[in-house]
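The values are calculated or read from the model by the stated rules, or taken from the named source; none is laboratory data. Only a predicted model underlies this, so the values are computations on that prediction, with no experimental measurement involved. Because the Cβ atoms are built from the backbone with ideal geometry, glycine has one as well, and the counts that use them run over all protein chains shown.
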Amino acid sequence: MNTLKITLLMTGMTLLFLAAGRALGGESGMMMAFMMAVGTNFFAYWFSDKMVLMMSGAKEVTRAQAPRLFEMVEELAQRARLPMPRLYVMPEAAPNAFATGRDPRHAAVAVTEGILDMLSPRELQGVLAHELAHIKNRDILVATIAAAMAGAISMLAHMAQWGMMLGGRRHDSDREGGHPIAAIAAMILAPLAAMLIQMAISRSREYLADAKGARIHGNPMDLASALRKMEQAGRRARMDVQPAAAHLFIVNPLRGDGVMSLFSTHPPVRERVKRLEAMAAG
């Protein structure tokens, strides 16, 4: 199933690049967009995890630098029968975490400084187990590639904007140039397409990771308590995170209320907590 999702994502992004390139630069623009799409697809598969970690400002830590974190992840990874992932810490006060990598042997778990300070050891273990569940479910590659592609599409929109500003005044007789109305449409629709790609990553992956993470950890209520704390902290402060990578985090790092909540890449925390409470009661 994940292979099909990856194929659809890469095919969709290639078609989007071709359409945008044709709108912005005619035949030559479409050819340039095709080469860019091929390069982005290759990069997204092999190096998207490094790109996401760089986007988040995460720094790799050693056992000597974070002994408690290493011990927790090591114990949970043994329970989940997973290789020990690389560990990263983000210089962010807001509590949050995410996992990335193309497979369990090339996985990484990143946490913020805030989550290490705010959560109790049991709550932190619940969050770490959730991230290991994403690795166990093998859905981190799909989510990571989606983040890299969303970032590439946003870059395409910026390129379109600069192209209109610097070289948009072409003569109508220039057959190689793209139509100005189509170029404007590409600038507007490219970010929307990036958001739709992120939303294509089903919200159900968070419910599944919650359930499996709770089984790995052993107590669903610890994760439920951690989710409540992280949501409350997120309401007070917005993380400095690229929107393209927001869907990777355990809770939405970007504040969204009202109508914008309908386009959230995460299911409501209250529903996740409700399911974890039912799991604990059952």
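For the range 17-64: of the residues being charged (D, E, K, R) and surrounded by 14 or more Cβ atoms within 10 Å (Cβ to Cβ), which is modelled with the highest pLDDT?
50
Return the only residue of 58, 110, 64 being of a type in the set (Gly, Ala, Ser) and either in contact with a Cys (Cβ under 7 Å, 6 or more places away or on another chain) or free of Cβ contacts under 8 Å to residues at least 24 places away in the same chain (or both).
Only one candidate qualifies: 64.
Could you say whether any residue in the range 146-168 is closer than 22 Å to residue 210 by Cα, at pLDDT below 95 and assigned to a helix (DSSP H, G or I)?
yes
Go through (1) assigned to a helix (DSSP H, G or I); (2) touching a helix residue (DSSP H, G or I) at 6+ places or on another chain (Cβ under 7 Å); (3) at pLDDT 75 or above; (4) polar (S, T, N, Q) and name the single condition residue 14 misses.
Tallying (1) assigned to a helix (DSSP H, G or I); (2) touching a helix residue (DSSP H, G or I) at 6+ places or on another chain (Cβ under 7 Å); (3) at pLDDT 75 or above; (4) polar (S, T, N, Q), residue 14 fails exactly one: (3).
If I ask for residues that are assigned to a loop (DSSP other than H, G, I, E, B) and closer than 22 Å to residue 120 by Cα, which ones from the range 96-109 would you list?
96
Consider residue 201 carefully, then state whether it is modelled with pLDDT under 95, of a type in the set (Val, Ile, Thr) and out of contact with any Phe, Trp or Tyr (no Cβ under 6 Å at 6 or more places or on another chain).
Criteria met by residue 201.
Kindly evaluate residue 93 against the criterion of being outside any helix (DSSP H, G or I) and in contact with a strand residue (DSSP E or B) (Cβ under 6 Å, 6 or more places away or on another chain).
Answer is no for this residue.
Going residue by residue through the range 123-130, is there one that turns out to be of a type in the set (S, T, N, Q), more than 21 Å from residue 239 (Cβ to Cβ) and at pLDDT 95 or above?
yes
Which of the residues belonging to the range 96-135 are surrounded by fewer than 22 Cβ atoms within 10 Å (Cβ to Cβ), out of contact with any strand residue (DSSP E or B) (no Cβ under 7 Å at 6 or more places or on another chain) and not hydrophobic (A, V, I, L, M, F, W, C)?
Within the range 96-135, 102, 103, 104, 105, 106, 114, 117, 120, 121, 122 meet the criteria.
Could you please let me know if residue 88 is modelled with pLDDT of 95 or more and of a type outside the set (D, E, K, R)?
So residue 88 passes the test.
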